[in-house]
1. Step by step: first the residues of the range 17-34, then only those that are surrounded by fewer than 17 Cβ atoms within 10 Å (Cβ to Cβ) and touching a residue at least 24 places away in the same chain (Cβ under 8 Å), then the one that is nearest to residue 250 (Cα to Cα). Which residue is that?
2. Listed residues 14, 37; which is over 26 Å from residue 281 (Cβ atoms), buried (at least 17 other Cβ atoms within 10 Å of the Cβ), modelled with pLDDT of 90 or more and in contact with a helix residue (DSSP H, G or I) (Cβ under 7 Å, 6 or more places away or on another chain)?
3. Taking residue 71, is it at positive phi and either in contact (Cβ under 8 Å) with a residue 12 or more places away in the chain or within 14 Å of the chain's Cα centre (by Cα) (or both)?
4. Considering every residue within the range 50-59, establish whether at least one is part of a helix (DSSP H, G or I) and within 22 Å of residue 290 (Cα to Cα).
5. Can you name every residue in the range 91-115 that is surrounded by fewer than 17 Cβ atoms within 10 Å (Cβ to Cβ) and within 19 Å of the chain's Cα centre (by Cα)?
C-alpha cells in the first residue's frame with residue numbers, strides 16, 4: 001500500500017465533496033434549504049467515515065498521540081452536532097403550533113371579523129414561538145461557539161513538517177478540521193443562529209492564502225464555499241437569526257396572513273379568497289417539520305457511527321499492542 005497515495009486520495013476526496021456542495025448551493029433556488037443542510041450533515045458523516053478508514057490504512061503506531069487527536073476531533077463533532085440537535089428539536093413547538101393553526105384555518109370557507117380576530121391571536125402565538133425559539137438558539141450559540149472552536153482562522157500557523165506527522169495523518173486531521181469547521185458554521189447558521197458579520201465576513205478568507213502551500217485544492221474549495229455563503233447571506237438581507245429557508249419562508253407567510261386578517265378586523269370585512277395562502281402556510285410547516293425530523297435522524301445515525309468508529313480504532317490498537 002502507498003501511504004502517500006492514501007493521504008492524497010483523502011485530500012482529493014475532500015476537494016471533490018466541497019466542490020459538489022458549492023455546485024448544489026449555486027444551483028439551488030432556495031438558499032440554505034433543509035435539503036442543502038441535510039447534504040452538509042451527510043458530508044460530515046462521510047468525512048468522518050473516510051478518516052477512520054484512512055487511519056486503518058496508515059497502520060499508525062500504538063500508544064501514540066494520533067489516537068488522542070482523533071478522539072478530540074470526533075468529540076468536537078459530537079458536541080457540535082449535539083448542540084445542533086438541541087436547536088432543531090426545539091423547533092417542534094413552533095411547527096406544531098403552526099400546523100394546528102393552518103389546520104383550523106382550512107376548516108373555514110369565509111372568515112368574518114370575529115373569526116379574523118381569533119386568527120390574529122393564534123398568529124400572534126406562533127410569532128411568539130418564533131421569538132422564543134430564536135432567543136433560545138441565540139443563547140445556545142453564545143454558550144457553545146467558543147468552546148467548540150470552529151472559527152476558520154484557527155491554527156493557521158501550522159505549516160510544513162507538522163503536516164507530515166504520523167505518516168501524514170496530522171495534516172489530514174488538520175484538513176478535516178478546517179473543512180468541518182466551515183460545514184459546522186453553515187449548519188449552525190442555518191439551524192441554530194447566525195450573526196452574518198461575525199460568522200461570515202470576508203476577513204475570514206485572510207488565512208487561506210498562506211495555507212495553499214499544503215493541500216491547496218481543498219483550501220481553494222473551502223474559500224469558494226465560504227464566498228458562496230457570503231453572497232447568499234447578503235442576497236437575503238444579511239439579518240441575524242435562523243437562516244434555514246423553510247423557517248424564513250414560514251415567517252414571511254405568517255406575517256402576510258396576519259396583515260390580511262388585521263385589515264379585515266380593522267374594516268369589519270369578510271375574507272373569502274385566502275385559501276391559497278393557507279395552503280402555502282400548511283406546506284411551509286409541513287416541509288419544516290419533515291426537514292427537522294430528517295436532520296435529527298441523521299444526527300442520531302452519526303452519533304452511532306462515531307461510537308462504532310471510535311470502538312473500532314480502540315480495538316485495533318488493543319489488538320496490535322498484544323502482538
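The values are calculated or read from the model by the stated rules, or taken from the named source; none is laboratory data. The structure presented is a predicted model; accordingly, all values stated were derived computationally and were not measured. All Cβ positions, glycine included, derive from the backbone under ideal geometry; neighbour counts span all protein chains shown.
1. Within the range 17-34, the first condition is being surrounded by fewer than 17 Cβ atoms within 10 Å (Cβ to Cβ), and the residues that meet it are 19-20, 23-24, 26-30.
Add one more test, that the residue is touching a residue at least 24 places away in the same chain (Cβ under 8 Å), and what stays is 19, 26, 30.
Details: 19: 30, 26: 22, 30: 13 Å.
Here the residue is 30.
2. Details: 37 fails: over 26 Å from residue 281 (Cβ atoms).
That would be 14, the only listed residue that is over 26 Å from residue 281 (Cβ atoms), buried (at least 17 other Cβ atoms within 10 Å of the Cβ), modelled with pLDDT of 90 or more and in contact with a helix residue (DSSP H, G or I) (Cβ under 7 Å, 6 or more places away or on another chain).
3. Values: at positive phi: no; either in contact (Cβ under 8 Å) with a residue 12 or more places away in the chain or within 14 Å of the chain's Cα centre (by Cα) (or both): yes.
The answer is no for residue 71.
4. Taking the range 50-59 first, the residues part of a helix (DSSP H, G or I) are 50-58.
Checking the rest, the ones that are also within 22 Å of residue 290 (Cα to Cα) come to none.
Among the residues of the range 50-59, not one is part of a helix (DSSP H, G or I) and within 22 Å of residue 290 (Cα to Cα), which makes the answer no.
5. If the condition is that a residue be surrounded by fewer than 17 Cβ atoms within 10 Å (Cβ to Cβ) and within 19 Å of the chain's Cα centre (by Cα), then 92 is the only one that fits.
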